[in-house]
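*Asks:* Take a look at the following structure, please.
Taken together, the values in this text are just the output of simple stated rules run on the coordinates, not laboratory data. Just so we're clear, the structure is a prediction, and the values are computed from it rather than from any experiment. A quick note on method: Cβ atoms are made from the backbone with ideal geometry, for glycine too, and the neighbour counts reach across all protein chains shown.
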Amino acid sequence: MGEVARTLVSLSGPDAVQGVIPLALLQQDEQEAGHVVDHEGTKVHIPNPEEYGSTLVVSSMHTRKQAMAQRVMNGAQGSGFIALSGGYGTLEELMEVTTWNQLGIHNKPVVLFNIEGYWDGLVEWINGAVKAGFIRAGQKDILVEAKSLEEVGEKLKSYVPVDERLHLDWTAK
């Protein structure tokens with residue numbers, strides 16, 4: 001993620017990137033650290049904001065996911081979730097925001113950036129889950145696939161929430 005952040009900052013400036021990282025992960029990976037900040041009374045190193053953009057330090061993975069999701073859900077037209085190639089954490093976060101869309105928690109696009117076929121197995125799984133009846137056919141396109149950067153932009157701009165999303169009331173009563 002550091003290289004993605006650096007590239008975005010080089011193209012669009014430090015305000016283009018807003019990283020969110022749990023304290024435990026930041027302490028484990030100080031190779032990109034450039035600045036010292038105070039996090040709830042603890043001095044921690046964060047990546048250089050001029051090179052990597054801003055970094056919000058949070059206490060847990062749950063807080064991280066909540067902060068990232070809120071930024072996207074409060075974003076303007078064209079805001080959305082994009083999954084790049086990744087591991088367990090990427091897959092878990094991808095499935096969570098996809099499920100949140102299905103449940104009506106948000107209506108933002110969820111784009112699977114399928115670079116060089118990395119996510120082909122997941123796309124096959126989704127198609128199989130639709131055939132097996134575990135995913136409704138009308139909910140299949142909650143998660144959309146893009147194979148190029150240009151297509152990612154198109155998918156974000158043209159996304160229309162599927163009709164078969166659940167329209168549940170998530171407001172506190």
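*Asks:* Loop only per DSSP, at most 10 neighbouring Cβ atoms within 10 Å: give me the GluC sites (Glu not before Pro) in segment 1-91, ordered by residue number.
*Replies:* Answer in residue order: Glu40.
*Asks:* Another question, if that's okay. Sort Ile115, Ile46, Ile105 so that the residue with the fewest other Cβ atoms within 10 Å of its own Cβ comes first and the one with the most comes last.
*Replies:* Ordered by Cβ neighbours within 10 Å, fewest first: Ile115, Ile105, Ile46.
*Asks:* Going by how many other Cβ atoms sit within 10 Å of their own, how do Thr7, Thr90 line up, fewest first?
*Replies:* Going from least to most buried by this count: Thr7, Thr90.
*Asks:* If the label point is 7 Å along Cα→Cβ of His39, which residues in segment 12-26 have backbone nitrogen under 15 Å from it?
*Replies:* 19-26
*Asks:* Calculate the length of the line joining the C-alpha centroid of segment 54-92 to that of segment 93-131, in whole Å.
*Replies:* Result: 15 Å between the Cα centres.
*Asks:* Right, another one. Take every Cα pair under 8 Å in segment 76-157 that's 6+ residues apart, average their separations, divide by the length, and report that relative contact order as a whole percent.
*Replies:* For segment 76-157, the relative contact order is 36 percent.
*Asks:* Could you derive backbone 3J(HN,Hα) for segment 88-96 from the dihedral phi with the Karplus parameters 6.51, -1.76 and 1.60 (θ = phi - 60°), listing whole Hz in sequence and x where the residue is Gly or Pro?
*Replies:* Those phi angles translate into 3, x, 4, 4, 4, 5, 4, 5, 5 Hz.
*Asks:* To the nearest 20 Debye, how big is the dipole of the chain about its Cα centre, given +1 on the beta carbon of each Lys and Arg and -1 on that of each Asp and Glu?
*Replies:* Result for the chain is approximately 600 debye, rounded to the nearest 20.
*Asks:* Same structure again: Among (1) 1.11; (2) 0.95; (3) 0.99, only one was calculated for this model; which label is it, if the read-out is Rg/Rh (Cα atoms, Kirkwood Rh)?
*Replies:* Comparing each candidate, only (3) matches the computed number.
*Asks:* Report the FRET efficiency, 1/(1 + (r/R0)^6), for Asp141 and Asp15, where r is their Cβ-Cβ distance and R0 is 22 Å, rounded to 0.05.
*Replies:* With a Förster radius of 22 Å, E is 0.10.
*Asks:* Given the Cα-Cα distance of Met61 and Ser79 and 0.36 nm per residue of separation, how much length would full extension add, in nm?
*Replies:* 4.3 nm
*Asks:* Tell me the label-point distance for the pair Asp169, Leu103, using the 7 Å Cα-to-Cβ offset, in nm and rounded to one decimal.
*Replies:* Reported label-point gap for Asp169 and Leu103 is 1.8 nm.
*Asks:* Give, rounded to the nearest 20 debye, the magnitude of the charge dipole that segment 43-104 has about its Cα centre when Lys and Arg contribute +1 at Cβ and Asp and Glu contribute -1 at Cβ.
*Replies:* Around 180 debye, computed over segment 43-104.
*Asks:* May I ask you to sort Lys43, Lys147 by Cβ crowding, counting other Cβ atoms within 10 Å and putting the fewest first?
*Replies:* Lys43, Lys147
*Asks:* If the cut-off is 21 Å between C-alpha atoms, which lysines fall inside it for Lys131, apart from same-chain ones fewer than 8 positions away?
*Replies:* Leaving aside lysines fewer than 8 places away in the same chain, those within reach of Lys131 are Lys140.
*Asks:* Another question about this same structure. What is the chain's relative contact order, in percent, from Cα pairs under 8 angstrom and six or more apart in sequence?
*Replies:* Dividing the mean separation by the residue count of the chain yields 18 percent.
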